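Take this structure, written in structure tokens, and hold onto it; I'll ask about it next.
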Amino acid sequence: MLRGLDGDPDAWRLLLRELRAALTPFFKRRLTGREADAEDLVQDCLISIHAKRASYDRSLPVTAWVYAIARYKLIDHFRKLGRRTIVPLEEASVLLAEHTVENGAIRGDLKKVLAILPLRQRRLIEDVRIGGFSLAEAAARNGFTEGAAKVSVHRSMKALSASVMPNED
């Protein structure tokens with residue numbers, strides 16, 4: 001992704017080819033009985049990724065960004081069909097998030113706030129709270145036990161909240 005963004009056309013083509021291979025089963029699993037629509041959704045998704053590539057934040061995992069786009073495309077597809085989908089409550093914030101010009105400034109502020117945390121805790125918070133990984137997945141990715149990760153996320157969120165709250169004394 002990074003080489004493609006830096007202007008390497010071969011890297012960009014390779015990325016799109018790999019994304020196509022990952023997105024096809026993603027859509028087919030969710031389109032039971034309508035698997036033929038998966039190819040259209042993959043193409044729509046790849047076009048969006050190409051068109052919106054400038055909005056990608058290089059410090060975040062590309063897969064989270066790509067699958068967020070894929071989820072939006074899938075939801076739009078179901079809307080066109082007149083079908084309602086049930087979204088788990090823990091994922092609802094993704095559906096309600098607004099994409100505005102201010103996102104870049106917000107990401108910059110978020111980076112500054114997260115910078116107070118040690119690297120391991122920061123990566124854990126980014127995986128769980130931003131990247132959409134489960135606590136178990138994030139723990140494994142960052143070398144924590146699940147229990148230690150839960151405690152670390154709680155303490156890190158408390159420290160982050162304290163760092164941005166005005167002193168009420």
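Okay, residues lined up against (1) part of a helix (DSSP H, G or I); (2) at pLDDT below 85; (3) among the basic types (K, R):
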position: A54; (1), (2), (3): yes, yes, no
position: Y72; (1), (2), (3): yes, no, no
position: D76; (1), (2), (3): yes, no, no
position: T100; (1), (2), (3): no, yes, no
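Quick one: which residue in R107, R129, R122 is surrounded by 10 or more Cβ atoms within 10 Å (Cβ to Cβ), modelled with pLDDT of 85 or more and not in a loop (DSSP other than H, G, I, E, B)?
R122
The values are calculated or read from the model by the stated rules, or taken from the named source; none is laboratory data. What you are looking at is a predicted structure, and each value in this text was computed from that prediction instead of being measured. Glycine gets a Cβ as well: all are built from the backbone with ideal geometry, and neighbour counts include every protein chain shown.
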